[in-house]
Amino acid sequence: MKMSGNAVVAGIIGWPISHSRSPLIHGHWIEKHKIDGTYVPLAVHPDAAADAIRSLPKLGIAGINVTVPHKLTAFDVVDERDAASQAIGAINTIVVSPEGSLLGSNTDAPGFFAHLRATVPEWDPQAGPVVVLGAGGSARAAIHSLLEAGVKEIRLVNRTKSKAEIIASNFGDKIKVISWSERASSLAESNLLVNTTSLGMKGAHPLEIHLDDLPKEAVVYDIVYVPLETNLLAAAKHRGNKVVDGLGMLLHQAVPGFHAWFGTKPAVDSELRQLILDDLK
Ligand code: ATR
């Protein structure tokens, strides 16, 4: 669609940025909804990131997504932060208000949960403990959304135990820290297993975990999406567990930003999934 002089401009800031699928996702929605707007990739060096973010109102940009390595810088620079970003300590979405202030949020947390809900609507947050593997930013996003949803116990398993302990001290006593060597036995009586580590991703080491203790009713969610069916998900499916892949989190996290900047709430549907899957090939 041809843009007018009033076109809404949004984008994504990162370094590097060429790997990001966000321009494809937002570009698809802009076309689909015939929006007078654009979404651009912005490669900004870490030394310039804070100034670039502060300049958004002067440039007339409606807002941006923020990706690696600028999520912490964004957290420091914005004027306001939503509850999820405060709990997680990182910002991935900024909306410029009509007055020119920067409103920061973290949509990885609602994105994580929206995809779980969309894939397994009957999953009950209160039906048992959740096991989370990993203690990076994605683990924090998952933990925030799971606690908000009413999960009563999260068994947090990470190779570097001290990182899990910091998360436990931030999020409170519903977080039980478990050693990496105990990961298989931590699955007993659990209701959901979430992998937020990079293990199992194309080019990374495999995730080695025995699922024998995992109840058959438990759901297995891997946030890795290359490959889409990780070894973890294949093994879980084989023994009869329901599975949730990582692609939907990427798609769902994009919804709130698009809605705020362009004024239309877009859908995460099979057409969009296929578009991104084709691009990942
Ligand atoms: P993100 O912000 O996307 O969550 P991250 O902060 O790099 O990414 O976190 C990656 C996670 O994968 C970490 O929990 C990391 O464990 P450490 O905290 O011990 O580094 C985990 N991870 C990466 N490689 C691993 C490996 N070989 N074995 C176990 N865990 C690993």
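You will find that of Val151, Val131, Val120, the residue that is within 16 Å of the ligand (Cβ to nearest atom) and either in contact with an Asp or Glu (Cβ under 6 Å, 6 or more places away or on another chain) or farther than 30 Å from Pro57 by Cα (or both) is Val131 and no other. For region 14-29, which positions are outside any loop (DSSP other than H, G, I, E, B) and either free of Cβ contacts under 8 Å to residues at least 12 places away in the same chain or touching a Ser or Thr at 6+ places or on another chain (Cβ under 7 Å) (or both)? Gly14, the sole residue that qualifies. Of all residues in region 226-242, those satisfying the criterion of being more than 17 Å from Val131 (Cα to Cα) and assigned to a loop (DSSP other than H, G, I, E, B) are Val226, Pro227, Leu228, Glu229, Thr230, Arg239, Gly240.
Does Val224 qualify as being within 13 Å of the ligand (Cβ to nearest atom) and buried (at least 22 other Cβ atoms within 10 Å of the Cβ)? Yes: the conditions hold for Val224. Contact annotation: residue pairs with Cβ atoms under 6 Å, 6 or more positions apart or on different chains, pairing a residue in region 133-151 that is over 12 Å from Thr196 (Cβ atoms) with a partner that is among the polar types (S, T, N, Q) and more than 8 Å from the ligand (Cβ to nearest atom), are Gly150/Gln126. Where strands (runs of 3 or more DSSP E) fall entirely within region 43-107, those with at least 1 residues that are open to solvent by 40 Å² or more (accessible area, probe 1.4 Å) are at 102-105.
Looking at Lys237, is it open to solvent by 60 Å² or more (accessible area, probe 1.4 Å) and not assigned by TED's automatic domain parsing to the domain that holds Leu133? It is false that Lys237 is open to solvent by 60 Å² or more (accessible area, probe 1.4 Å) and not assigned by TED's automatic domain parsing to the domain that holds Leu133.
The values are calculated or read from the model by the stated rules, or taken from the named source; none is laboratory data. Just so it is clear, the model here is predicted, and its values are computed rather than measured. Every residue, glycine among them, receives a Cβ derived from its backbone with ideal geometry; neighbour counts consider all protein chains shown. We work out accessible area using only protein heavy atoms, side chains counted, and drop any ligands, DNA or RNA first. Shrake-Rupley method; radii C 1.70, N 1.55, O 1.52, S 1.80 Å.
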